[in-house]
1. Using a simple charge model, +1 on the beta-carbon of Lys and Arg, -1 on the beta-carbon of Asp and Glu, nothing else, what dipole does the range A:54-93 show about its Cα centre, in debye to the nearest 20?
2. When all protein chains stay in place, what accessible area (Å², nearest 10, 1.4 Å probe) is found for B:Lys87?
3. Name the shape class, rounded, prolate or oblate, that the alpha-carbon gyration tensor gives for the range A:15-76, where a ≥ b ≥ c are the square roots of its eigenvalues, rounded holds for a/c under 1.5, and otherwise prolate holds if a/b is larger than b/c and oblate otherwise.
4. How far apart, in nm, are two points set 7 Å out from the Cα along the Cα-to-Cβ line at A:Glu291 and at A:Ala104?
5. Work out, step by step, the length gained on full extension between A:Arg92 and A:Glu47: first 0.36 nm times the residue separation, then minus their alpha carbon distance; give nm to one decimal.
6. Take the Cβ-Cβ distance between B:Ser81 and B:Thr110 as r, set R0 to 35 Å, and report the resulting FRET efficiency rounded to the nearest 0.05.
7. Would you mind working out the magnitude of the charge dipole of the range A:15-76 relative to its Cα centre, with +1 at each Lys and Arg C-beta and -1 at each Asp and Glu C-beta, to the nearest 20 Debye?
8. Counting only heavy atoms of the protein chains, get the accessible area per residue of the range A:15-76 (1.4 Å probe) and round it to a whole Å² value.
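The values are calculated or read from the model by the stated rules, or taken from the named source; none is laboratory data. Only a predicted model underlies this, so the values are computations on that prediction, with no experimental measurement involved. Here the Cβ positions follow ideal geometry from the backbone for every residue, glycine too, while neighbour counts run over all protein chains shown. Heads up: the accessible areas ignore ligands, DNA and RNA and are worked out on the full protein's heavy atoms, side chains in. Shrake-Rupley method; radii C 1.70, N 1.55, O 1.52, S 1.80 Å.
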Amino acid sequence: MGDEWEPPLPAGYSDVNRAFLQAFMARGTLTFREGQRLLAAIQSASEGGSHIDPASITMDEFQNFIRTARDAVEPLDFDIRNTRDQIRGGERVWAFINAHSDPATQLSTTHTPEEVAYVKRLLDAMFEQYNTPRMEVMAVDEGQALRVSRPAARRESNMNGNDNDDEEHQEDGAAAAATGRGLKHSEVLSLLSSLVAEGWLDKSLNGFYSLTPRSLMELWSWLVATYNESDADADDDWQRIKFCEACKEIVTYGQRCNEPNCTIRLHDICEDGFWRTRPERKCPKCSTPWEGNHYVGERAVTSRSGFQRGRGRRARRTEAAEAEENGADEE
Amino acid sequence: MPVQQRLRRQAAQNVDDDDMGQPHPQSPGEVDSDGDEQMAEVGPRDETTQLIKNLVRYALSCEYSRAPIRRDGIKEKVLGSNGREFKRVFAGAQKQLRATFGMEMVELPTKDRNLMTAEQKRKAAKSQTQKEPTSNTYVLVSVLPEAYTTPAIITPSKVQSAEGEAAYVALYTMIIAIITLSGGELSEPRLRRHLTRLNVSENMPSLNPNDETSPSEKTEMVLQRMVRQGYLVKLTDSRSGGDEDQTTWHVGPRGKVEVDKEVIAAFVRTIYGGSDDELENRLQVSLKIRDRKPGVPDMVEEVAEEEAAPNGDPGPSNRRRGRRRQTEAYDEESD
Ligand SMILES: [Zn+2]
Ligand SMILES: [Zn+2]
C-alpha cells in the first residue's frame, strides 16, 4: 500500500532536524537567542547528554536549521518567515506559519465560531475604523475592543465606508442576526488575554492591542487583500496597509511623513540605516523635512497632548459598557 | 520499547538515505478497484500526494487543539469523494509525518470491556461482531528517541498559554497516575479527596493563568475537558443497585497513550524527588514495569531547567511520549 512513495526531504535530514521542527511548531516563533538554547539542548541530546553552551551556536548554524526545516515543510504548504519586531528594538523573529492563511483557518481549531467572528471584527476595527488617513493607529485599546463585542449591522452593509460612528445604522437588523449574537464583555476580555498568550496579539504598556510580528507574517497576504484597494495607484493613493520605505515590510508601528497627504512610512528600527544612506533628512518622495514626530501606531494617539493614560481608557471602557447595556435593552 | 525506537530510527534513516522527492511508480499490487484512475500517468499520483498533504495538515491541526483524529473526520475533511483511497493516503501520511516531523498517528485503544456499564456489556454481547473492534480514532505522538523529549526541547505549545498548558499537563498526569496506581479505577469520593489534598477541589488554573478575568477555572470544567479530550473516563452505572458511590473514574484512551506507565513512573520519581531501590520495587509491583533504565536522566534536574513548569511538573514532554501501541491496527483494517 503505497510503500514505494517516499516524502521529499532535504539532504541529510535527521532526527536532529525533526526535534528542531517539533520544538519550533510547539513554540510558534523563535528568536536567535531562543534558537541557540534550543539547538544546544538538541545537540546535547544527540551527543548523549554532554553539556553544550548555547552561546556556542552560531547564527550560521541556526540559519541552516531554519533553511532545512523550511525546505522540509514547504511541500506541505507551511512556511518559515522572519521579520524584525517593529516595537521591541527590532529583534528578528522567525515564525512557523501556514502559507495560505486567514484568521478563520488560523483560529478555528482552538476557538469557537463566535470568537473567530469577533477576531474579524477586531481586525476591522484595527485596520479600518482606527486606521484613517488622519489617524493611523492600527491598534485598539480595551474600550475599543469591547465596542465590537457584538456584530454591528453597518459592518456588513457598508464595508468600504469611512463611517467611523459605531452607533449608527442599527436598522439593518437582518444582517446583524445572520452574523451571530457576538460575545459578552467578559468573554471578550478573556479571549483578548488568550490571544496575547497565544502570541497573536501584543498588549502595550499603554493598553493598546496590536498584531504581533507572528500575526503580521502569518496574515500578510490576507491583510493586503482584505484591507487594500487592488485598483488603487500604488504610489499615490492612501492605502490601509502600508510598507516601510526602507525594509518594505508592513508598518503598524513607526513614523509617517509630516506632509499629511504623503504615503511614505518608515519603521523606527529602520530609520538609522535609512538616513545614513541619504544626504538629507527629507521625505524621499515629497521632500518635506522628516521630523520623526508624526506616527503610525498607538503613538498617533498617545503623543497627542490630550492623551491621559488610565483615566481616558477607563472612561472609554465605561462608555462602551453602557453602550452595550443600552443595546441589550433594545433587543 | 527501546527496540521499537531503534526500529523506527532505522526506518527514518532509510528515508534519509533514499533519493529525494522522486515519486516512485506505483506497485502493481496496488491496482485495485480504482485501477482505472491509474491509467492516467500523472494525475492520480499527484492527487494522492495532495490528499496525503491534506491529511498531514489535518492531523497536525487536530493535535494542536488536542482533538482526536477521527477516521470519519478524515473522510469528511480530507478525502471527500476519494473515500476508497483511505489506506493509501493514511499510509502515505504516516510516512510523511515520521519522515518530516518525527511523529505518527497512533490509534487509541477501544473502550475497555470492564469500563462498560452493565447495559453496554449486554448490548455488546448481543451484537457480537466478527471483526476485532477498532476505535478508528488516532492521536499524534512523537516517535523521536527519548533523549529528545526533554522539556528544554519540547515545550508546551502556546495553544492557550505555555503556563496554562504546563499546569494542565501536570494535573491530568497527576490524576492519571493516581488512578493507575489505585488499580485503574478511582471512586468519585476518593478522587475528590485527592483533589482536596492538592488544593484544587473547587478551582484549577485555567488554560491561561495570565488572564486577569479568569486565571482559574472551575474544577468541574477542567475535568470535563479531560474527559472530552480522552484523558479520563467518568462512568456512572445507574443499574448496579444502590445510589451512592456509583461514579468511578478511569484512564481514557488518549490518557493511556500519552501518559503511559513509563511516564507515570517518571512522574512518581519526580514527586519523591529522586529514586531509590524501595521506590523502584514498589513501582515495578504497581505498574508491572522493568527496572529504571540506566542513563535515564534525573527528572528532578530536568524540571529545574524549565522555568515554565510549576511545582514539580514532570514537563510537557510527557504528553508527546506516548508510545506506538497499536499503529499496526489500521493495516489489518479493511475498508
Ligand atoms: Zn522597515
Ligand atoms: Zn512625504
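1. Numbers: 6 positive and 8 negative charges, 40 e Å.
With Lys and Arg at +1 and Asp and Glu at -1, about 200 debye.
2. For B:Lys87, solvent-accessible area is about 70 Å².
3. On the way: a/c = 1.84, a/b = 1.50, b/c = 1.22.
Taking the square roots of the gyration eigenvalues as a ≥ b ≥ c, the range A:15-76 is prolate.
4. If labels sit at A:Glu291 and A:Ala104, their model points lie 4.6 nm apart.
5. Details: separation 45, 0.36 × 45 = 16.20 nm, distance 2.90 nm.
Length gained, A:Arg92 through A:Glu47: 13.3 nm.
6. Values: r = 29 Å, r/R0 = 0.82.
Efficiency computed from Cβ-Cβ geometry: 0.75.
7. Values: 6 positive and 8 negative charges, 43 e Å.
Charge dipole, the range A:15-76, about its Cα centre: 200 debye, nearest 20.
8. Numbers: 2610 Å² over 62 residues.
Normalised by residue count, the accessible surface of the range A:15-76 is 42 Å².
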